[in-house]
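In what follows, a structure is listed as structure tokens, so that the remarks can point back to it.
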Amino acid sequence: MKRRLFLLACLAFASLATAGPLDEKKAAAHLQAVAAGDVEALMRDYAGDAYMDWVGGPLDGRYRGKAAIREVWQKFAALNDGQPRPAKFGKLAQQANPKGVTLETAAEYGGKATIKVWHVLVYRDGELTTEVWQIAPALKVGE
């Protein structure tokens, strides 16, 4: 009996600990908004106390709060004259538990300059709380 209860508890926890299609759709929409330069769509995802670590390149730094994150996205869009960027993405990988979901992927954004990025997105309670942009020039995307 104890073993059955233990197995049921493990199964229940496992079902809570997996990211679902909603998380993947949110992450994919976020990445597409990056490529489109759609700052308003990007900002809808962030929690009020979110932060972003941009590692490398001209926008290198840690940005805390929505106002600072909005400013960095506006600068990113301006680097391509406000035009959409062609983009390709690697496979989206995820890790999850009841406290949140982490999604990661490789991306290559075209435009005036090609930018290769390792993305890490952390969602808690359906909001993007942490984002890491690791500029990675040697990254192979989609291979």
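3J(HN,Hα) couplings calculated from phi for the range 57-65 with the Karplus curve 6.51 cos²θ - 1.76 cosθ + 1.60 (θ = phi - 60°) are, in sequence order, x, x, 9, 3, x, 10, 10, 10, x Hz; Gly and Pro show x.
Per-residue extension of 0.36 nm, minus the Cα-Cα distance of residue 74 and residue 96, leaves a gain of 4.9 nm for this segment. Take residue 138 and residue 32, extend 7 Å from each Cα along the Cα→Cβ direction, and tell me the distance between the two endpoints in nm. Inter-label distance under the simple model: 3.4 nm. Karplus-derived 3J(HN,Hα) values for the range 126-141, using 6.51 cos²θ - 1.76 cosθ + 1.60 with θ = phi - 60°, are x, 10, 6, 9, 9, 9, 10, 10, 9, 5, 9, x, 8, 4, 9, 9 Hz; glycine and proline are entered as x. Checking the Cα-Cα distances for 66/112; 25/91; 75/116; 88/140 against a 19 Å cut-off, the pairs over it are 66/112.
Here the peptides 28-40, 89-101 are ranked by packing, the mean other Cβ count within 10 Å, and the order with the highest first is 28-40, 89-101.
Any read-out appearing in this document is the output of simple, stated calculations on the displayed coordinates, not a laboratory observation. Every value quoted in this text rests on a predicted model; they were computed, and no experiment measured them. As a convention, Cβ positions derive from the backbone with ideal geometry for all residues, glycine included, and neighbour counts pool all protein chains shown.
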